[in-house]
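Have a look at the structure below before the remarks.
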Amino acid sequence: MNIKGKHVFLYSGVFLNTIIFATYYSVVKESLSHWGTLAFICCTIILAALPAGILMGVFTYRSWSIPLLKWSVLLGGLYTCISIALSQALEYTSVTETAFFPCLNGILAALLARFIFGKSTGKTTSPITWLMALLAACGMVLLMISAPPSLNHWRGDAIAFLAGTVLYVLYVFLVEAFLQEVGNDK
């Protein structure tokens, strides 16, 4: 496959991932009303993730290594935990709120990079990005304020925040560490 073909293939994969992620919440909310969270996740893993993993394993088995397998198990397990938690959050709160929490990822990642890892984000983050992050945070606060005050609703919001924001940002940082350790071998 030539360079242009690889780029088209990669961009098509990113586009497909965006479409699947955008429709995930609305499809899952309806499915969870008929099944439980655990049954839905098990069927998802068995019917979608397992065949995809086997197919990728068949095509990439020559490049396997122990560090690659360790990172794959770690990242796959964390992503599965995120999916389970977001599905659980959908049982307690609305699709809109659960889907809106990942918009806070950029804020959390920038704050972690600045205050925990000591990397300045001023040179790489434009003022318009911070304005959009502030608008996203305001929108999240408005969504939470307009929701009915119930314990289950707040539980769903807490689960969605931890999974959609905190765990997902951790996942992104781990992917970056993976790319630095294993991804640069080839």
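The values are calculated or read from the model by the stated rules, or taken from the named source; none is laboratory data. Everything numeric in this text was worked out from a predicted model, so none of it was measured. Because the Cβ atoms are built from the backbone with ideal geometry, glycine has one as well, and the counts that use them run over all protein chains shown. The accessibility values were calculated without ligands, DNA or RNA, using every heavy atom of the protein model including side chains. Shrake-Rupley method; radii C 1.70, N 1.55, O 1.52, S 1.80 Å.
Structure notes:
- When the solvent-accessible area of the stretch 26-87 is split by element, carbon and sulfur atoms take up 78 percent of it, the probe being 1.4 Å.
- Efficiency of FRET between Ser33 and Leu151 - r from beta-carbon atoms, R0 22 angstrom, step 0.05: 0.65
- Solvent-accessible heavy-atom area per residue, rounded to whole Å², over the stretch 143-186 at 1.4 Å: 63
- DSSP-loop chymotrypsin sites (Phe, Trp or Tyr not before Pro) across the stretch 38-105, with at most 15 other Cβ within 10 angstrom: Trp64
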